[in-house]
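Novice: Before we start, here is the structure in question, set down as structure tokens.
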There are 2 protein chains.
Amino acid sequence: MAEENESNYDPSKFDKPSVTVDLVVFTIKDNNLYILLIKRGVWPFEDSYALPGGFMRMDEKLKQAALRELHEETSIKDVFLKQVHTFSDIDRDPRTRVITVAYLALINSDNVTLAADTDAKEARWFPVTKMPKLAFDHKRIIEYVHKDLRHNIDNYTMISKFLGDKFTLTQMQNAIEAIHNHTVDKRNFRKKILSLGILSELDEVSRETFRPAKLYSLKKKLSIIQ
Amino acid sequence: MAEENESNYDPSKFDKPSVTVDLVVFTIKDNNLYILLIKRGVWPFEDSYALPGGFMRMDEKLKQAALRELHEETSIKDVFLKQVHTFSDIDRDPRTRVITVAYLALINSDNVTLAADTDAKEARWFPVTKMPKLAFDHKRIIEYVHKDLRHNIDNYTMISKFLGDKFTLTQMQNAIEAIHNHTVDKRNFRKKILSLGILSELDEVSRETFRPAKLYSLKKKLSIIQ
DNA sequence: TGAATAGTGTCTTTCAGACAATATGCC
DNA sequence: GGCATATTGTCTGAAAGACACTATTCA
């Protein structure tokens with residue numbers, strides 16, 4: 001690390017950037033992929049949509065800051081988080097020098113009511129295919145994190161963050177297809193998923209469709225990711 | 001992003017962490033994978049080895065800071081860099097709150113003389129299998145970045161960062177094997193690499209071995225990775 | 001001519017992808 | 001019984017992996 005030539009270290013010697021976290025929160029509703037955005041009420045970018053996020057405090061780690069900010073702004077808790085990239089363009093924030101650490105977040109929208117008992121500003125889900133104009137460099141951040149999601153979803157261990165603990169194979173396939181924006185053959189999908197050995201067949205069925213479907217859960221193996 | 005409730009933004013309102021970059025610089029020598037470490041001369045962790053790195057300045061981006069610090073401490077230039085992860089444990093630095101952005105760096109050791117015309121402290125290559133005791137949380141950072149290297153080397157487009165522009169298939173195979181610490185069958189390796197269509201056969205041979213070997217170069221396609 | 005390393009081909013197994021009919025539960 | 005959707009198997013082509021001998025250059 002740094003400062004190997006100073007025998008007396010003075011932390012005030014260097015200017016420091018502000019450090020924020022920004023969250024790209026994904027969910028799946030009606031077989032489509034959505035991202036959560038907040039409407040800004042103040043300068044800069046007043047009335048623009050932006051990613052939820054905010055400043056890291058001195059008594060918390062980045063991931064804790066991400067969880068706290070998300071909860072403050074949307075009342076969401078218990079979310080899956082994965083750090084993706086740190087953005088540091090010098091003029092990315094007109095107020096002052098700010099670097100931001102971008103997090104990927106996955107939630108099951110069934111379990112969430114946005115802006116319930118909270119002081120959050122307007123929070124809304126937007127389809128990834130229909131993003132509004134965004135504040136700061138948040139368009140770029142979303143593109144970066146969305147790509148990360150597509151590259152990483154194929155180990156399938158994150159899928160329950162979208163679907164909950166129990167899900168049918170059709171629900172799983174629909175989710176994967178929404179994320180990739182691409183359909184696959186049902187028989188091939190099932191053959192591959194089952195051959196991976198990551199699912200447990202449960203003694204329960206889902207009755208959300210005409211013919212009931214078997215429910216599955218993820219085996220309790222640790223994910224490669226995080 | 002942050003601070004949506006304040007109509008007058010005051011950047012001094014929040015304490016800020018220091019922000020550093022740390023580099024895990026890999027090279028391959030004698031078919032082994034090495035990491036570059038610097039010996040610390042001052043508190044804290046005096047006389048411990050540590051990763052090269054240092055503070056980001058207000059007039060540069062993180063990647064520029066990484067390039068600058070590496071050049072200052074080791075005289076290395078023209079290095080391949082990839083941001084990997086930002087570490088933010090509260091007590092990871094005994095001096096003050098410091099978050100650090102870890103970079104993966106790959107160099108061809110043939111082109112580098114360490115600590116040449118520079119004011120660098122002692123800089124040495126260590127085999128990844130024989131790391132000394134390290135300052136800060138640098139052991140953890142190395143493990144994280146090393147894993148990232150292993151997961152990403154298999155698109156093969158980074159291999160020339162280790163080997164230079166021209167290399168034989170045997171050199172390439174040895175490098176891949178060193179990174180994975182695992183041998184593969186020579187015929188299968190060649191069949192696969194050539195089938196990828198990423199290499200151009202040159203009209204030159206390497207005479208470093210008894211029987212001269214054909215030289216190859218990477219085709220000028222853009223890498224997936226940065 | 002022998003030492004050292006470059007270069008090469010076949011067989012088997014596994015995985016990916018195209019493809020359509022049957023089974024079940026509900027109304 | 002008809003509707004909606006769950007469930008299932010085969011074939012084919014491509015890629016991965018096991019495996020050993022010949023070719024070339026130099027000393």
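The values are calculated or read from the model by the stated rules, or taken from the named source; none is laboratory data. Source: prediction; values computed, not measured. Here Cβ is always computed from backbone atoms with ideal geometry, including for glycine, and neighbour counts include all displayed protein chains.
Novice: Output the number of the condition that A:Ala135 fails; it satisfies all remaining conditions of (1) among the aliphatic types (A, V, I, L, M); (2) more than 15 Å from DNA strand C (Cβ to nearest atom); (3) closer than 22 Å to A:Val79 by Cα.
Specialist: (3)
Novice: Residue by residue through the stretch A:178-206, note down the ones that are closer than 17 Å to A:Arg150 by Cβ and either within 9 Å of DNA strand D (Cβ to nearest atom) or crowded, with 16+ Cβ neighbours inside 10 Å (or both).
Specialist: A:Ala178, A:Ile179, A:Phe189
Novice: While we're on this one: Among A:Leu62, A:Leu37, A:Leu51, A:Leu134, which is the only one that is closer than 15 Å to B:Thr86 by Cβ, of a type in the set (A, V, I, L, M) and at pLDDT 95 or above? Write out each step before concluding.
Specialist: Working: A:Leu37 fails: closer than 15 Å to B:Thr86 by Cβ; A:Leu51 fails: closer than 15 Å to B:Thr86 by Cβ; A:Leu134 fails: closer than 15 Å to B:Thr86 by Cβ.
Result: A:Leu62 is the single residue among A:Leu62, A:Leu37, A:Leu51, A:Leu134 that is closer than 15 Å to B:Thr86 by Cβ, of a type in the set (A, V, I, L, M) and at pLDDT 95 or above.
Novice: Going through the stretch B:12-34 one residue at a time, which ones are buried (at least 16 other Cβ atoms within 10 Å of the Cβ) and at the interface with chain A (Cβ under 9 Å from one of its Cβ atoms)?
Specialist: B:Phe14, B:Lys16, B:Pro17, B:Ser18, B:Val19, B:Thr20, B:Val21, B:Asp22 - these are the residues of the stretch B:12-34 that are buried (at least 16 other Cβ atoms within 10 Å of the Cβ) and at the interface with chain A (Cβ under 9 Å from one of its Cβ atoms).
Novice: Scanning for something in contact (Cβ under 8 Å) with a residue 60 or more places away in the chain and not charged (D, E, K, R), does the stretch B:53-76 turn up at least one residue?
Specialist: Residues of the stretch B:53-76 that are in contact (Cβ under 8 Å) with a residue 60 or more places away in the chain, as a first pass: none.
No, that holds for no residue.
Novice: Now a separate question. In this structure, is A:Ile141 touching a helix residue (DSSP H, G or I) at 6+ places or on another chain (Cβ under 8 Å), touching a residue at least 12 places away in the same chain (Cβ under 8 Å) and crowded, with 18+ Cβ neighbours inside 10 Å? I'd like the intermediate steps shown before the answer.
Specialist: On the way: touching a helix residue (DSSP H, G or I) at 6+ places or on another chain (Cβ under 8 Å): no; touching a residue at least 12 places away in the same chain (Cβ under 8 Å): yes; crowded, with 18+ Cβ neighbours inside 10 Å: yes.
When the stated conditions are applied, A:Ile141 does not pass them.
Novice: Using beta carbons and a limit of 8 Å, which pairs, at least six apart or on different chains, have the first residue in the stretch B:177-191 and on the phi < 0 side of the Ramachandran plot and the second one within 12 Å of DNA strand C (Cβ to nearest atom) and in a loop (DSSP other than H, G, I, E, B)?
Specialist: The qualifying pairs are B:Glu177/B:Asn31; B:Glu177/B:Val184; B:Ala178/B:Asn31.
Novice: If A:Ser109 meets every condition in (1) farther than 19 Å from A:Leu67 by Cα; (2) at pLDDT below 95; (3) of a type in the set (Ser, Thr, Tyr) apart from one, which number is that one?
Specialist: Going through the list (1) farther than 19 Å from A:Leu67 by Cα; (2) at pLDDT below 95; (3) of a type in the set (Ser, Thr, Tyr), A:Ser109 breaks only (1).
Novice: Now a separate question. In the stretch B:12-33, which residues are part of a strand (DSSP E or B) and more than 10 Å from the chain's Cα centre (by Cα)?
Specialist: Step one: filter the stretch B:12-33 for residues part of a strand (DSSP E or B), giving B:18-29, B:32-33.
Residues satisfying the conditions are B:Ser18, B:Val19, B:Thr20, B:Val21, B:Ile28, B:Lys29, B:Asn32, B:Leu33.
Novice: If you don't mind, another one. Consider the stretch B:191-209. How many of its residues are farther than 21 Å from B:Asp110 by Cα, in a loop (DSSP other than H, G, I, E, B) and either among the aliphatic types (A, V, I, L, M) or within 9 Å of DNA strand C (Cβ to nearest atom) (or both)?
Specialist: The first filter runs over the stretch B:191-209 and keeps only residues farther than 21 Å from B:Asp110 by Cα, leaving B:191-201, B:203.
Applying the additional criterion that residues be in a loop (DSSP other than H, G, I, E, B) yields B:197-198.
With either among the aliphatic types (A, V, I, L, M) or within 9 Å of DNA strand C (Cβ to nearest atom) (or both) added as a condition, the list becomes B:198.
Of the residues in the stretch B:191-209, 1 are farther than 21 Å from B:Asp110 by Cα, in a loop (DSSP other than H, G, I, E, B) and either among the aliphatic types (A, V, I, L, M) or within 9 Å of DNA strand C (Cβ to nearest atom) (or both).
Novice: From the list B:Thr168, B:Thr209, exactly one residue is crowded, with 16+ Cβ neighbours inside 10 Å and farther than 17 Å from B:Tyr34 by Cβ. Which is it? Give the steps one after another, and end with the answer.
Specialist: On the way: B:Thr209 fails: crowded, with 16+ Cβ neighbours inside 10 Å.
Going through B:Thr168, B:Thr209 in turn, the sole match is B:Thr168.
Novice: Ok, one more. Going by the conditions given, is A:Pro52 within 12 Å of chain B (Cβ to nearest Cβ) and either among the small types (Gly, Ala, Ser) or in contact with a helix residue (DSSP H, G or I) (Cβ under 7 Å, 6 or more places away or on another chain) (or both)? Walk me through how you get there before you give the answer.
Specialist: Details: within 12 Å of chain B (Cβ to nearest Cβ): yes; either among the small types (Gly, Ala, Ser) or in contact with a helix residue (DSSP H, G or I) (Cβ under 7 Å, 6 or more places away or on another chain) (or both): yes.
Spelling it out, A:Pro52 is indeed within 12 Å of chain B (Cβ to nearest Cβ) and either among the small types (Gly, Ala, Ser) or in contact with a helix residue (DSSP H, G or I) (Cβ under 7 Å, 6 or more places away or on another chain) (or both).
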